[in-house]
Amino acid sequence: MKNSNRGCLITLEGGDGVGKTTHIELLRQYLESYGLDIIATREPGGTPFGESLRDLLLNSQLEFDAEAEMLVLFAARAEHLKRLILPAISSGKWILCDRFTDATFAYQGGGGGIPFGRIKELERFVQSTFQPDLTLLLDLPVEDGLARIANRGGNVDRFEKRDLDFKNDVRQAYLRRQEQDPGRIRLVRASNTVEKVHETIVEHVAQLLARQNII
């Protein structure tokens, strides 16, 4: 029996080139097969305000330090939660979000050197105790992610342009987050084929569906 009283938030995390966009679309199709109402969104972004800040952060020629990035991201996140995520979940919709707060710990914390305690303070202020119902961490060696980005072609954003040390620090911060919260954050080896990665994702998501009495 379907529990339609409350939706869920599933976030997909990982470094550049891990395949989040592909797997959000595949996961959307899988969840819709159960009759669920799905909204796919992203961070930064998801609202007009958030998309404006996304363009500023990713595509502007302006330089930002990690603290400024963190504050901009949490401003966008606060609006995202208030305007989209929380109302949608309350109405029974399921949200698939390309990155969320774990990305701030990884990029601005691991990559940018901001103490995790400072990020946690903003997390509590903006989110209170709210956390995703499930986070899928797509993990891929940095060099493999860079090769995928090169093969993809097109423009790269300012984070994709960062050096190898930064990207490795981001990856290690993500892995530490997963080790600290393995119940919520599930590790998915993104070096496998698209089909195998999707199969692993479905295994994790099916557990959430079962807890929600959907399957």
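Rundown of residues vs (1) surrounded by fewer than 22 Cβ atoms within 10 Å (Cβ to Cβ); (2) not small (Gly, Ala, Ser), yes/no style:
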site: Cys8; (1), (2): no, yes
site: Gly14; (1), (2): no, no
site: Ser33; (1), (2): yes, no
site: Arg42; (1), (2): yes, yes
site: Glu51; (1), (2): yes, yes
site: Ser60; (1), (2): yes, no
site: Arg77; (1), (2): no, yes
site: His80; (1), (2): no, yes
site: Phe100; (1), (2): no, yes
Study note, to complete from the structure: Going through region 42-72 in order, the residues found to be in contact with a helix residue (DSSP H, G or I) (Cβ under 6 Å, 6 or more places away or on another chain) and of a type in the set (Ser, Thr, Tyr) are Thr47
Exercise for review: For region 150-186, enumerate the residues that are in contact with a Ser or Thr (Cβ under 9 Å, 6 or more places away or on another chain) and not charged (D, E, K, R).
Suggested key: Gln178, Ile185
Exercise for review: Considering every residue within region 130-138, establish whether at least one is more than 20 Å from Leu58 (Cα to Cα) and free of Cβ contacts under 8 Å to residues at least 24 places away in the same chain.
Suggested key: no
**Study point:** Filter pass, Val18 being buried (at least 19 other Cβ atoms within 10 Å of the Cβ), among the β-branched types (Val, Ile, Thr) and within 30 Å of Ala147 (Cβ to Cβ)
**Key:** yes
Revision key, fill the gap. Out of (1) of a type outside the set (Ser, Thr, Tyr); (2) out of contact with any Pro (no Cβ under 6 Å at 6 or more places or on another chain); (3) at pLDDT 95 or above; (4) part of a helix (DSSP H, G or I), the one Gly92 does not meet is (4)
Review point. Hey, any hits in region 53-68 for a residue that's at pLDDT 95 or above, more than 27 Å from Leu26 (Cα to Cα) and within 16 Å of the chain's Cα centre (by Cα)?
Key: no
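Return the only residue of Gln108, Gln178 being in contact (Cβ under 8 Å) with a residue 40 or more places away in the chain, surrounded by 15 or more Cβ atoms within 10 Å (Cβ to Cβ) and out of contact with any helix residue (DSSP H, G or I) (no Cβ under 8 Å at 6 or more places or on another chain). Break it down into steps so the answer makes sense when it comes.
On the way: Gln108 fails: out of contact with any helix residue (DSSP H, G or I) (no Cβ under 8 Å at 6 or more places or on another chain).
Being in contact (Cβ under 8 Å) with a residue 40 or more places away in the chain, surrounded by 15 or more Cβ atoms within 10 Å (Cβ to Cβ) and out of contact with any helix residue (DSSP H, G or I) (no Cβ under 8 Å at 6 or more places or on another chain) holds for just one of Gln108, Gln178, which is Gln178.
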Review point. Restricting attention to region 181-212, and to residues there that are small (Gly, Ala, Ser) and farther than 19 Å from Gly17 by Cα, which single residue is surrounded by the most Cβ atoms within 10 Å (Cβ to Cβ)?
Key: Ala206
Point to revise | Number of the condition not met by Asp102 [criteria: (1) closer than 28 Å to Thr200 by Cα; (2) without any contact (Cβ under 8 Å) to a residue 60 or more places away in the chain; (3) charged (D, E, K, R)] | key: (2)
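The values are calculated or read from the model by the stated rules, or taken from the named source; none is laboratory data. Here the structure is a predicted model, which means the values were calculated and not measured. Reconstructed Cβ throughout: ideal geometry from the backbone, glycine too, with neighbour counts over all protein chains shown.
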